[in-house]
Amino acid sequence: MTQKQQLLAKIADKSALVAIFGLGYVGLPLSLRFAEVGFRVLGFDIDRGKVDALNAGRSYIGHISAAAVAGARARGFEATAEFARSREADVLIVCVPTPLDNRREPDLSYVIGTIEAIAPYLRAGQLVSLESTTYPGTTDEEFKPRIEARGLTVGRDAFLVFSPEREDPGNPKFDTRRIPKICGGVTQDCLEVGVALYGAAVDKVVPVSSARAAEMTKLLENIHRAVNIALVNELKIVADRMGIDIHEVIRAAATKPFGFVPYWPGPGFGGHCIPIDPYYLSWKARKFGVQAKFVELAGEVNRAMPGWVVGKLSEALGNRDKAVAGCRCLVLGIAYKKNVDDMRESPAVKLMELLVQLGAKVEYSDPHVPVFPKMREHLFDLKSVALSPDSIASYDVVLLATNHDAFDYVLLKQHARLIVDTRGVYTEAAPNVVKA
Ligand SMILES: NC(=O)c1ccc[n+]([C@@H]2O[C@H](COP(=O)([O-])OP(=O)(O)OC[C@H]3O[C@@H](n4cnc5c(N)ncnc54)[C@H](O)[C@@H]3O)[C@@H](O)[C@H]2O)c1
């Protein structure tokens with residue numbers, strides 16, 4: 001039997017050992033899903049705290065229950081930081097971070113660090129899949145040569161695919177199983193093995209012709225969102241100047257049964273993907289002598305939003321003979337989007353920083369973030385404020401940054417002196433509500 005036939009047989013009877021590198025928002029649910037369908041799963045992470053928590057049956061991600069982790073443990077899931085154990089694996093899936101560096105250029109250090117850490121243990125008969133979002137060419141240019149340097153021919157001895165993760169954190173309608181999965185192989189045989197693997201765990205696999213096409217597909221999805229969010233953010237500023245409520249306009253336009261998709265403005269953009277991933281494409285495009293103008297412009301417009309919101313807040317306070325300096329401001333919702341605890345790239349944090357720079361006394365309330373977390377660039381020593389009629393009334397202004405369902409918006413409107421609403425929560429005009 002060829003290496004491909006042997007690996008396909010192991011995938012078919014689920015005797016293949018699946019190793020997942022990076023047990024974060026992407027890698028952990030994927031590990032649980034492979035364990036659920038009957039594979040032995042070995043999870044790798046450099047963060048020993050995560051390894052220990054998982055081995056003890058605990059979860060560190062809000063929407064993943066400890067019961068789900070404990071269930072996977074009972075089915076043989078194990079976490080480890082010993083990379084030498086990757087030689088036990090038949091399938092190696094890489095789900096490590098792909099951030100930007102301080103020049104807003106791709107930082108592939110985690111991805112390259114991972115393939116270099118596992119390279120000494122690579123052997124014939126393995127499938128490597130990269131899931132981290134990245135620019136077209138990463139799989140071919142960074143993974144393939146490192147695998148072949150081990151004396152393995154990709155497509156004959158070992159197999160290599162790119163299969164991007166898709167996730168909508170906090171959306172209960174779509175779990176790992178139900179989200180169709182794109183897969184692109186470095187060769188046709190690589191693709192065949194990749195499709196067999198993911199087909200065992202998700203309802204629908206969508207094959208594309210190459211790893212590059214798969215890498216580009218993921219970037220298109222995220223750029224599509226970044227550009228459309230920027231568009232409605234820009235139109236919000238135009239509509240505001242004209243005295244028009246952009247949320248009313250979008251709701252009306254969304255009644256068109258074809259050719260219109262509603263996107264909603266906000267205080268900026270956040271999360272691990274939308275503010276970051278588009279720059280992976282614009283950076284690579286420059287290497288080909290092409291400028292991705294929409295991508296750059298969308299980033300510019302979205303990054304300017306917190307400043308515009310703070311300007312509106314300052315104007316609203318000014319109309320009440322108050323200044324930002326010295327005012328007490330409560331930021332409502334600091335996670336990057338509603339009903340999640342994920343703070344990554346949250347525009348609420350940028351708002352807090354801008355307000356503090358202007359001399360405001362800032363506190364926050366967010367039931368999903370009880371204590372302000374340690375973040376790479378931001379440090380606030382704050383705890384979430386409990387909302388009560390008295391606490392709400394004690395602030396000069398409540399800045400509604402993230403519209404969690406858990407907030408009592410009626411109570412807030414009854415007791416707040418001033419609400420600056422960046423999410424269009426309040427549809428009726430009210431003397432103490434200003435939209436921004
Ligand atoms: N979060 C999402 O919603 C989402 C959705 C689609 C795609 N992605 C992409 O998936 C990738 C991972 O994102 P995430 O949100 O899961 O990140 P994350 O930060 O939640 O998790 C990454 C994990 O990788 C670990 N890690 C770092 N270097 C490692 C190494 N060398 N070996 C093993 N583990 C290592 C970290 O300790 C961390 O636990 C990124 O490329 C991201 O763009 C994320």
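The values are calculated or read from the model by the stated rules, or taken from the named source; none is laboratory data. Remember, predicted model here, so these are calculated numbers, not experimental data. Neighbour counts are summed over all protein chains in view; Cβ atoms, including those assigned to glycine, are modelled from backbone coordinates with ideal geometry. Note: accessible area is taken over every heavy atom of the protein model, side chains too, but ligands, DNA and RNA are not part of it. Shrake-Rupley method; radii C 1.70, N 1.55, O 1.52, S 1.80 Å.
What percentage of the solvent-accessible surface of the chain, computed with a 1.4 Å probe over protein heavy atoms, is contributed by carbon and sulfur atoms? After summing per-atom areas, the C and S share lands at 54 percent. Of the whole protein surface, Trp283 contributes about 50 Å² of accessible area at a 1.4 Å probe radius.
Given a Förster radius of 25 Å and the C-beta distance between Ala117 and His378 as r, what FRET efficiency does 1/(1 + (r/R0)^6) yield to the nearest 0.05? Intermediate results must be reported in sequence, preceding the final value.
Numbers: r = 30 Å, r/R0 = 1.19.
Between Ala117 and His378 the formula returns 0.25.
Take the alpha carbon gyration tensor of region 393-436, find the square roots of its eigenvalues, order them as a ≥ b ≥ c, and report rounded if a/c is under 1.5; if not, report prolate when a/b exceeds b/c, else oblate.
Numbers: a/c = 1.34, a/b = 1.13, b/c = 1.19.
The shape class here is rounded.
In sequence order, region 393-402 has phi-based couplings of 6, 7, 9, 5, 8, 10, 9, 7, 9, 9 Hz under the Karplus curve 6.51 cos²θ - 1.76 cosθ + 1.60, θ = phi - 60°, and Gly or Pro positions carry x. Only protein heavy atoms count here; on that basis, with a 1.4 Å probe, Tyr409 has an accessible area of about 40 Å².
Is the shape of the chain best called rounded, prolate or oblate, per the rule: a/c under 1.5 gives rounded, else a/b larger than b/c gives prolate, else oblate, with a ≥ b ≥ c the square roots of the Cα gyration tensor eigenvalues? The partial results should precede the final answer.
On the way: a/c = 2.33, a/b = 1.86, b/c = 1.25.
Prolate shape, in that a/c is at least 1.5 and a/b is the bigger ratio.
Seen from all directions on average, region 1-144 presents a Cα convex hull projection of 9.2 nm².
Rounded to the nearest 500, what is the chain's calculated 222 nm mean residue ellipticity when only DSSP H runs of at least 4 contribute -39500 (n - 2.57) each, over all residues? Show your work: numbers first, answer last.
Values: 14 runs with 163 residues, N = 436.
Here the helix-only value at 222 nm equals -11500 deg cm²/dmol.
One Cα centroid belongs to region 92-122, the other to region 390-436; the line between them spans 42 Å.
Under a 1.4 Å probe, what is the accessible area of the chain per residue, stated in Å²?
Details: 19330 Å² over 436 residues.
Here the residues of the chain average 44 Å² of exposed surface.
Please compute the Kirkwood hydrodynamic radius over region 66-209, one decimal place, Å, based on all pairs of different Cα atoms. After inverting the mean inverse Cα-Cα distance, the result is 16.3 Å. In the chain, the longest principal axis of the Cα atoms and the axis of helix 188-199 are about 60 degrees apart. Between amide H atoms placed 1.01 Å from N, distances below 5 Å from Leu17 occur with Asp90, Val91, all of them 5 or more places distant or on a separate chain. The string of couplings for region 332-346 from the Karplus curve (6.51, -1.76, 1.60, θ = phi - 60°) is 9, x, 10, 5, 6, 8, 5, 6, 10, 9, 7, 9, 5, 6, 5 Hz, one whole number per residue in order, with x for Gly and Pro.
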